[in-house]
Amino acid sequence: MPPLVHLLKAALCLFVLLVVAAPRPATAQSDPLFGQTCRHGIAMHGDLKYPPDFDHLDYVNVDAPRGGTLRLGATGSFDSLNPFILKGEKAAGLNQVFETLMARTWDEAFSLYGLVAECAAMPDDRSWIAFRLNPAARFADGSPITADDILFSWQTLREFGRPNAKATYARVASLEVVDPLTVRFVMGPQADGELPLVIAGFLPVLSKAWYTTHAFDETSLTPPLGSGPYTISAVEAGRRMVYARNPDWWGRDLPVNRGHYNFDTIVYDYFRDGQVMFEAFKAGELDFRGEGDATRWATAYDFPAVADGQVVMESLAHGAPAGLLGFVMNTRRPPLDDIALRRALVLAFDFEWTNQALFHGAFARTNGMFTNSELAYSGLPSGDELALLEPFRDRLPPALFTTPFVLPATDGSGDNRANLRTASALLEDAGYTITDGALVSPAGKPVAFEILLVNPNDEGLALNWIDSLRRLGITAIARTVDSAQYQLRRTDYDYDITLHRWGVSLSPGNEQMLYWHSSGVTTPGTRNYAGVDDPVVDALAQRLSEAVTRAELVAAARALDRVLAWGSYVVPLHYAPDQRVAWWRRLAHPDVIPTYGNVMETWWARP
């Protein structure tokens, strides 16, 4: 064979070897897994917004400068750097240390794109989901992320994680390690269509090697090993957390990460309460705050730095559902297990007066979890929603089908006598009596309860309500406790009434099972704070989590929210249509605000 042919053959062999050894591109769109296309992203419903070759997300500034320090505040204290278990008070900001298999975007209802996993594959019935890991993915110590780490993460959280994590990952039947960079989760009989996306977007990637020498199920102030953009650089227990951007972070150039994580250092300082933290912001010791206190927003931002433009106040519009903020009634305890009493308690709350007197009219009334979105119920049930409710007609209040649900209202003058008269008549019909000025239940016991709070700023809300309840003969007291005691009591459902906000998205699903399903009545640490134990709610929450199309999702969300409203488990409060934020002008944010509102990870420090 001529020498030239030998050279050409050798060159060809070398080329083939180089191609085989080269790392796969992050979009690996055409490379199949188990007969399915391994896609760069997955969506809960409908199509993805971003194509396989996208460069960055629309709501970032890819030219944002890097550097500087972001100083944030937190209230209370912390004694643990382990965010995955019930024990202890976890420190703020730990989500920046850990990554998930795929990253969520905030300008789509519920879509995920490649992160630790460069692509994902699943069949139409979502009976399994497979991931091919990015060969470049590394933990902060430089060790590679492998399929064994994913297996370890799933097994560990299923056995030792928080109750919600245990329940979620227990619905996976098995996890197959196909090769060092490929895993497949096989769904169990209790799985729903959202579970594969929950695994992709919420399962934290843990280092099997690191946890071999560190106990997972114990609180600890030892900085954990993650793979995220930041590492923990300093810890002052209960007082301060300092995070440093990892200069060797493996994922900094991925499309989902471009324009994110621009600060070199992020500091969380802890304060005993919100007012002290606000004073620190005024003094320039903190750079940013989201303002949830309407009174403070209207009256307290009159300090010099605002007047001269050093501090910016801005209301950022968004298209996300309001979520549900309200006084939660623990139906595990009598007499709050009586719907007649709960309806009377709802009637006794004067929202219009409270909104004007305490919040300068800044809020709108929340009717349910999905207010401010297409998922909110309105009028009478019809179409697909009515079809979902019909099988349960004999278990639901007849009025649900004939009368639009409307929360009681007043003229805002402080005169709530009409609603209180309605409440008194309702209680009398249910067998309650007045003895020596006190309301007595049909069981012969005076009606009295405690309202558990953690934020002193919420006491005004409770005290106004307590004054109205007193006119019904009900004795109620508000008790504000520290964050540690509050968390413990809430975990054990050791309260009569407490204040809580359930956050929701435009793509609700599995989390609604955690919020309302009867399995949370006795299991400590779930978010079924009201103790809802209703087979109709169980069925509708299940239907919501199993919705395949957007139309099915909308119908199920409306039906579930309507049934919960008629159950009077919560005294709904308020929501702000905009996000109110204030920051010192040494910061900047992108011009585009995504559907879900402000994304702090896209901000940067001005040079």
Checklist outcome for this item: Relative to the chain, whose Cα atoms define the longest principal axis, helix 339-348 and its Cα axis are tilted in degrees, nearest 10, by 80
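Which percent, nearest 5, of DSSP beta bridges in the chain are antiparallel?
On the way: 64 of 80 bridges.
If I count the DSSP bridges inside the chain, around 80 percent turn out antiparallel.
When a/c reaches 1.5 or more, the comparison of a/b and b/c decides; with that in mind, is segment 45-202 rounded, prolate or oblate per its Cα gyration tensor? Show your work: numbers first, answer last.
Working: a/c = 1.56, a/b = 1.12, b/c = 1.39.
Because a/c hits 1.5 or more and a/b fails to exceed b/c, segment 45-202 counts as oblate.
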Item to check | Degrees separating the helix 535-546 axis from the principal Cα axis of the chain, which is the longest one | outcome: 30
Item to check | Shape of segment 351-486, Cα gyration tensor, a/c cut at 1.5 | outcome: oblate
Next on the checklist: From the phi angles alone, apply the Karplus equation (6.51, -1.76, 1.60; θ = phi - 60°) to segment 231-238 and give each ³J(HN,Hα) in whole Hz, x where the residue is Gly or Pro.
Outcome noted: 10, 7, 9, 7, 9, 10, 3, x
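If we count every other residue with Cβ under 10 angstrom of residue 412's Cβ, Lys/Arg +1 and Asp/Glu -1, where does the sum land? It would help to have the intermediate numbers written out before the result.
Numbers: positive: none; negative: 350, 352, 411, 415.
For residues surrounding residue 412, the net value is -4.
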Checklist entry - Angle between the Cα long axis of helix 147-160 and the longest principal axis of the chain, 0 to 90 degrees, nearest 10? => result 20
Next on the checklist: For the chain, take N as its residue count and report Rg(C-alpha) divided by 2.2 N^0.38 Å.
Outcome noted: 1.06
Item to check | Gain upon complete extension [residue 151, residue 484; 0.36 nm per residue less C-alpha separation] | outcome: 116.6 nm
Checklist entry - When ranked by the protection proxy of mean other Cβ atoms within 10 Å per residue, highest first, what sequence do the peptides 241-247, 280-286 form? => result 241-247, 280-286
Next on the checklist: To the nearest 20 Debye, how big is the dipole of segment 88-211 about its Cα centre, given +1 on the beta carbon of each Lys and Arg and -1 on that of each Asp and Glu?
Outcome noted: 300
Item to check | Pairwise label distance in nanometres, residue 471 with residue 166, each label 7 Å out on the Cα-Cβ vector | outcome: 4.6
Checklist outcome for this item: Placing each pseudo-label 7 Å from Cα in the direction of the beta carbon, residue 337 and residue 47 end up separated by a distance in nanometres of 5.3
Checklist outcome for this item: Taking a ≥ b ≥ c as the square roots of the eigenvalues of the Cα gyration tensor, with a/c under 1.5 meaning rounded and otherwise prolate when a/b exceeds b/c and oblate if not, segment 464-607 is oblate
Next on the checklist: Using the Cα centre of the chain as origin and beta-carbon charges of +1 (Lys, Arg) and -1 (Asp, Glu), tell me which of 442, 137, 357 is placed farthest towards the positive end of the dipole.
Outcome noted: 137
Checklist entry - What ranking do 225-232, 376-383 get when scored by the average of other Cβ atoms within 10 Å per residue, highest first? => result 225-232, 376-383
Item to check | Rounded to the nearest 20 debye, dipole of segment 29-133 from Cβ charges on Lys, Arg, Asp, Glu | outcome: 440
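So what is Rg over Rh here for segment 308-386, counting just Cα atoms and using Kirkwood for Rh? Mind dumping the intermediate values first?
Working: Rg = 17.5 Å, Rh = 16.1 Å.
Taking Rh as the inverse mean 1/r over Cα pairs, Rg/Rh reads 1.09.
Report the FRET efficiency, 1/(1 + (r/R0)^6), for residue 159 and residue 418, where r is their Cβ-Cβ distance and R0 is 45 Å, rounded to 0.05. Intermediate results must be reported in sequence, preceding the final value.
On the way: r = 55 Å, r/R0 = 1.22.
The calculated FRET efficiency here is 0.25.
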Checklist entry - So, with +1 on the Cβ of K and R and -1 on the Cβ of D and E, and no other charges, what is the size of the charge dipole of the chain about its Cα centre, to the nearest 20 debye? => result 540
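FRET efficiency for residue 127 and residue 409, Cβ-Cβ distance as r, R0 = 51 Å, nearest 0.05?
Details: r = 48 Å, r/R0 = 0.94.
E between residue 127 and residue 409, to the nearest 0.05, is 0.60.
Fully extended, how many nm does the chain gain between residue 300 and residue 365 (0.36 nm per residue separation, minus their Cα-Cα distance)? Spell out each step's value before the answer.
Working: separation 65, 0.36 × 65 = 23.40 nm, distance 2.36 nm.
Answer, rounded to one decimal: 21.0 nm.
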Item to check | Segments 96-104, 522-530 sorted - mean Cβ within 10 Å per residue, highest first | outcome: 96-104, 522-530
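Read-outs: derived from the displayed coordinates by stated rules, not from any lab. What you see is a predicted model, and the numbers here were worked out from it, not measured in a lab. Ideal geometry is used to build each Cβ from the backbone, glycine not excepted, and the neighbour counts take in all protein chains shown.
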